[in-house]
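Take a look at the structure set out below.
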Amino acid sequence: MSTAEIDTAVSGAQLRDAVGRFASGVTVVTALGDDGAPIGCTVSAFSSVSLDPPLVLVCIDNGRFMHHALTIGGGFVINVLAADQADLAMSFARPAADKFTGVPVHRGRAGIPLLDGALAHLQCDRYSVLDGGDHAIVLGRVTTVGTAAGEPLLYSQGAFLDINRDEWDRAVERAPHEWLLSAPW
């Protein structure tokens with residue numbers, strides 16, 4: 001892309017289209033509401049930030065019902081979804097009075113739900129909240145981690161990616177492991 005192609009007046013639709021080309025994993029963030037009831041929503045804007053201290057971030061729209069719990073509450077859990085949990089991701093992405101009906105969970109610290117079948121659970125204390133325009137950038141200090149074997153649920157360009165087990169195993173086998181940690185920057 002040449003610099004002549006760069007448009008300095010980027011619309012929200014253009015940005016969503018461009019960023020949507022970045023494949024990401026899918027998470028469901030869970031917490032407790034003011035009344036102590038479990039709440040959760042699907043989030044793909046999640047990233048590792050630091051190993052020391054152990055920090056992750058999640059971005060939440062200022063208008064979402066989870067905003068208050070994540071920016072004011074003490075803790076939350078990042079549930080990294082497995083490839084077979086697309087229906088769960090969709091149900092937590094939609095408005096509903098109780099998203100946990102029929103969803104198998106176990107309770108973590110402070111009673112926050114951990115979704116059964118997830119590949120990872122990162123239990124976090126709220127560390128910091130930063131202004132991110134129409135979103136809040138919530139940094140969480142990871143206090144407890146649990147992992148399970150399996151393939152992650154992937155999302156790109158508005159769709160979940162369906163990668164069969166053989167293709168996944170070949171990709172993992174061929175991948176240069178830990179390339180990012182050994183990069184010269």
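The values are calculated or read from the model by the stated rules, or taken from the named source; none is laboratory data. Source: prediction; values computed, not measured. We place every Cβ from the backbone using ideal geometry, glycine too, and count neighbours over all the protein chains shown. Just so you know, the surface numbers come from the protein's heavy atoms only, side chains and all, with ligands and any DNA or RNA stripped out. Shrake-Rupley method; radii C 1.70, N 1.55, O 1.52, S 1.80 Å.
Summary of values
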item: Subset of the stretch 10-63 [in contact (Cβ under 8 Å) with a residue 60 or more places away in the chain and within 16 Å of Ala118 (Cβ to Cβ)]; result: Ser24, Gly25, Val26, Val28, Thr30, Ala31, Pro38, Gly40, Ser44, Val56, Val58
item: Looking only at the stretch 117-163, and only at residues there that are of a type in the set (A, V, I, L, M, F, W, C) and in a loop (DSSP other than H, G, I, E, B), the one that is surrounded by the fewest Cβ atoms within 10 Å (Cβ to Cβ); result: Ala149
item: Qualifying residues in the stretch 73-95 (those that are under 17 Å from Gly36 (Cα atoms) and among the small types (Gly, Ala, Ser)) - the one modelled with the highest pLDDT; result: Gly75
item: Boolean, Leu88 is closer than 18 Å to Leu139 by Cβ, open to solvent by less than 50 Å² (accessible area, probe 1.4 Å) and not in a loop (DSSP other than H, G, I, E, B); result: no
